[in-house]
């Protein structure tokens, strides 16, 4: 699992298709990646992050589902360097917590019809389990709003890392 890091100017100079492909490593929604790429160039990383948030807010529910499809379940084997880094705290989970998270993931998916998405960066397995347990009590509309917020947090972390914006988790 290799990782690309480029500067903001280099990102601006990429052909549209290359920029979209790179953005898809941050969020697997094609509409989001195309919309963010179309806004280039950005004067700063903060401008890019604002644009990414705006475009995420405009996505249809179908595109949010595509964005969710790019994330493995918490506790499952990570499928990318991003996921591995974000779920690094799970390496310290004991068997009881792993089992509880796996059970919670199944309950969450049965209730909400989507993967439990949480910005896991820097969070302990116990904290991830507490958050999952609490979110199981949400109404579907509330949970869908939270999922968008969590996806935005993850996108911001990934964009900062991708665009060499200093030390990020």
Next on the checklist: Any residue at all in the range 89-108 that's under 23 Å from residue 11 (Cα atoms) and part of a helix (DSSP H, G or I)?
Outcome noted: no
Checklist entry - Do you know which residues across the range 52-73 are outside any helix (DSSP H, G or I), buried (at least 19 other Cβ atoms within 10 Å of the Cβ) and at pLDDT 90 or above? => result 59
Checklist entry - For the range 74-90, does any single residue satisfy the condition of being at pLDDT 90 or above and surrounded by 13 or more Cβ atoms within 10 Å (Cβ to Cβ)? => result no
Checklist entry - Regarding residue 144, is this residue surrounded by 18 or more Cβ atoms within 10 Å (Cβ to Cβ) and under 18 Å from the mean Cα position of the chain (by Cα)? => result no
Item to check | Top-ranked residue of the range 109-126 - restricted to ones that are exposed (fewer than 14 other Cβ atoms within 10 Å of the Cβ) and part of a loop (DSSP other than H, G, I, E, B), ranked as farthest from the chain's Cα centre (by Cα) | outcome: 113
Next on the checklist: Can you say whether residue 35 is surrounded by 13 or more Cβ atoms within 10 Å (Cβ to Cβ), farther than 23 Å from residue 164 by Cβ, under 19 Å from the mean Cα position of the chain (by Cα) and modelled with pLDDT of 95 or more, as far as the supplied structure shows?
Outcome noted: no
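The values are calculated or read from the model by the stated rules, or taken from the named source; none is laboratory data. Since we're looking at a predicted model, the values are computed, not measured. In this analysis, Cβ positions are derived from the backbone assuming ideal geometry, glycine residues included, and neighbour counts consider all displayed protein chains.
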